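Beneath this line is the structure, given in structure tokens, with notes to follow.
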Amino acid sequence: MKQLYEYTQVEGGLEEIKGAKQHRVIEDIPFVAKPDLVLKTILESRGWPYRDKEARVFFLKRDRAFVCIIYVGALRASEVAKKKDGSVSLKKSQLKFDASEGAWYFEGVKLVKEKRTRNGVEVPRKHTYREKVYLPMAGERKPFTDLILEWTNELEDDEPLFNFKRCRAWQITRALTGQWNHYFRMLGENYLYGAWGKDVMALADYLQVHPRTLMHYLRGDWKDKPKV
């Protein structure tokens with residue numbers, strides 16, 4: 001298959017995508033990065049070149065947290081940042097602590113796609129919210145939670161987590177990692193898929209998508225399976 005992008009290594013290790021393309025697809029990604037490599041990239045990157053030094057420290061926390069939330073929650077950028085109409089997608093007040101689980105989570109994350117197309121007709125989704133999006137509190141993905149909480153500590157309860165729209169979100173993620181937003185959603189889906197015993201139905205229920213849709217994002221090859 002012909003490569004549609006030129007790949008070069010960036011400081012943290014993830015590939016930087018060069019060249020223009022009208023439509024980016026998951027097949028263009030040569031490998032699925034592990035959490036340690038994703039974290040290394042986020043922490044070592046200089047990110048967007050903010051001119052003011054104090055502003056750079058402040059906004060770098062925000063930009064790191066943005067990528068972290070997309071990754072650990074397998075969320076769309078528009079489910080986290082502002083929507084096209086300017087409405088806020090996620091506020092600090094939605095961050096809760098579950099004492100029984102000993103874990104932080106975001107409550108009532110609104111789905112972007114509120115309708116499905118069935119036989120050419122749009123029909124409302126049964127669910128328009130994710131009830132809870134838990135943040136990892138142990139293991140190799142806990143440092144992402146630490147970065148998210150570090151940013152939320154800068155905000156008041158009624159403030160939006162990210163006061164920018166999808167276009168700016170793309171610029172921030174590109175500057176920080178060399179990738180695009182949906183790439184980290186894909187990484188998050190793959191991680192949850194493995195952590196949940198490769199239960200496609202459970203992952204589809206969490207993401208509120210049809211299981212068939214996940215086949216575009218989950219990496220696997222039947223040739224690697226036992227010959228039974």
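Here, each number is a calculation from the coordinates, and none is a lab measurement. Keep in mind that this is a model prediction, so the values were computed, not measured. Every residue, glycine among them, receives a Cβ derived from its backbone with ideal geometry; neighbour counts consider all protein chains shown.
Please report the net charge: other residues with Cβ closer than 12 Å to the Cβ of residue 93, K and R +1, D and E -1. Overall, the nearby charge balance is -2.
Pairs from the list 92/165; 61/84; 82/198 with a Cα-Cα gap above 28 Å: 82/198. Once you have a ≥ b ≥ c as the square roots of the Cα gyration tensor eigenvalues for the stretch 62-111, tell me rounded if a/c is under 1.5, and otherwise prolate or oblate according to whether a/b is larger than b/c. Here the stretch 62-111 falls in the prolate category. Spin-label model, residue 198 to residue 164: label points 7 Å out along the Cα-to-beta-carbon direction sit 3.9 nm apart.
Between residue 101 and residue 131, the simple label model (points 7 Å from Cα in the Cβ direction) yields a spacing of 1.0 nm. Between residue 180 and residue 149, the distance separating the two model label sites (each 7 Å from Cα on the Cα→Cβ line) works out to 3.4 nm. Once a ≥ b ≥ c are taken as the square roots of the eigenvalues of the Cα gyration tensor of the stretch 169-222, is the result rounded (a/c under 1.5), prolate (a/b larger than b/c) or oblate (a/b not larger than b/c)? It is prolate, given that a/c is not under 1.5 and a/b is the larger ratio.
Take the alpha carbon gyration tensor of the stretch 132-174, find the square roots of its eigenvalues, order them as a ≥ b ≥ c, and report rounded if a/c is under 1.5; if not, report prolate when a/b exceeds b/c, else oblate. Each step should come with its number before you reach the end.
On the way: a/c = 2.24, a/b = 1.37, b/c = 1.64.
Judged from the Cα gyration tensor, the stretch 132-174 comes out oblate (a/c at least 1.5, b/c at or above a/b).
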